[in-house]
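Engineer: What follows is a single structure, and I will ask about it in a moment.
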Amino acid sequence: MSFIYTPVNLSSSAIQGVLPVPSGGTASTSLTLNNVLLGNNTGALLKVAPGASGNILTSDGTTWASTTPSAAGGGFTAMTLISSSGTFTIPTGKTTLKVTIVGAGGGGGSVGGGLGYAGNAGGNTTLSSGTQTISTITGGGGGGGQGCEPNSVTYGGSGGTASGGTVNSRGNPGNAGDRGAGSSLGGANGGSSMFGGGAQMTGGSGNAGGNYGGGGAGGRATSAGNFAAGGGGGGTAISYLTNVTPGNTLTITIGAGGTGYVSGVWDGGNGSAGIVIIEY
């Protein structure tokens, strides 16, 4: 098999005009300084100017252009704290949300008249479907602390559980109540949530739990030396919601803090209410 080559004479006397692309040329008389050259089949090379400072070369799937880079992705730029039950409307342009759901703290127990009285459990905080369909996410409320009767030991309220989140964290339990003849100690501490500290013991009625989801402290000692247990902290669930639709709504229920038992002597402290935090 034989091939026939037709060489191009590149001597200055043989070249007339612009060397075309099929002959190995650019089909251009000059190339603009610092432009990027793009192939164009057999036509003259295309050129992309640098554009503004900081621009990058970007493909649209067909060709290339000098464009301003997008803002760095992956982060959130706004946060909403929701402390009342209701609905949340997904903001314009937002399709991913990070949600944190915190249950309410339990109330502290109390003692009076030689009897112990338990505080009330905190309420569950939930994020559920509105016009946007999601699986329900729950931060459970902490349990109420028990009261302490003579010659007995009682238990702090259990920490609230959590469900439906990517991360589900249980609240800390309240401290136990105990006896100690002639003691002047206050009631036992409340348990902490991920956000709210448990109330510290006091010399009288129990202090309220800290925001958000902290358990209330138990009431102080009686003359018999008994002191009541603290309420448990609320549980916390954290999750990412992806592919949500702007303008759709989510339903929010905020758990109420458990009330400490009111004995009329040294009352248990109230637990703190829950909260929903939405980042976008």
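Engineer: Taking the condition of being closer than 18 Å to residue 258 by Cβ, more than 15 Å from the chain's Cα centre (by Cα) and not in a loop (DSSP other than H, G, I, E, B), how many residues in the range 99-132 meet it?
Structural biologist: 4
Engineer: For the range 233-280: of the residues being of a type in the set (Val, Ile, Thr) and in a loop (DSSP other than H, G, I, E, B), which is modelled with the lowest pLDDT? Reasoning before the result, please.
Structural biologist: Our first condition is that a residue be of a type in the set (Val, Ile, Thr); within the range 233-280, this holds for 236, 238, 242, 244-245, 249, 251-254, 259, 262, 265, 275-278.
Adding the requirement that they be in a loop (DSSP other than H, G, I, E, B) leaves 244-245, 254, 259, 262, 265.
Working: 244: 95, 245: 96, 254: 98, 259: 94, 262: 87, 265: 74.
That would be 265.
Engineer: Can you find, within the range 40-98, the residue that is surrounded by the most Cβ atoms within 10 Å (Cβ to Cβ) among those that are hydroxyl-bearing (Ser, Thr, Tyr), free of Cβ contacts under 8 Å to residues at least 12 places away in the same chain and in a loop (DSSP other than H, G, I, E, B)?
Structural biologist: As a first pass, look at the range 40-98 and keep what is hydroxyl-bearing (Ser, Thr, Tyr): 42, 53, 58-59, 62-63, 66-68, 70, 77, 80, 83-85, 87, 89, 92, 95-96.
Pick out the ones that are also free of Cβ contacts under 8 Å to residues at least 12 places away in the same chain and you get 53, 58-59, 62, 70.
Cutting the leftovers down to in a loop (DSSP other than H, G, I, E, B) gives us 53, 62, 70.
Working: 53: 5, 62: 5, 70: 8.
The selected residue is 70.
Engineer: Looking at 71, 78 in this structure, which one is modelled with pLDDT under 85 and either within 36 Å of the chain's Cα centre (by Cα) or among the aliphatic types (A, V, I, L, M) (or both)?
Structural biologist: Numbers: 78 fails: modelled with pLDDT under 85.
Sole residue among the options that is modelled with pLDDT under 85 and either within 36 Å of the chain's Cα centre (by Cα) or among the aliphatic types (A, V, I, L, M) (or both): 71.
Engineer: Can you name the condition, by its number, that residue 41 falls short on among (1) at pLDDT 85 or above; (2) at negative phi; (3) not acidic (Asp, Glu)?
Structural biologist: Condition (2) is where residue 41 drops out.
The values are calculated or read from the model by the stated rules, or taken from the named source; none is laboratory data. None of these values were measured; they are calculated from a predicted model. Backbone-built Cβ (ideal geometry, glycine too); neighbour counts: all protein chains shown.
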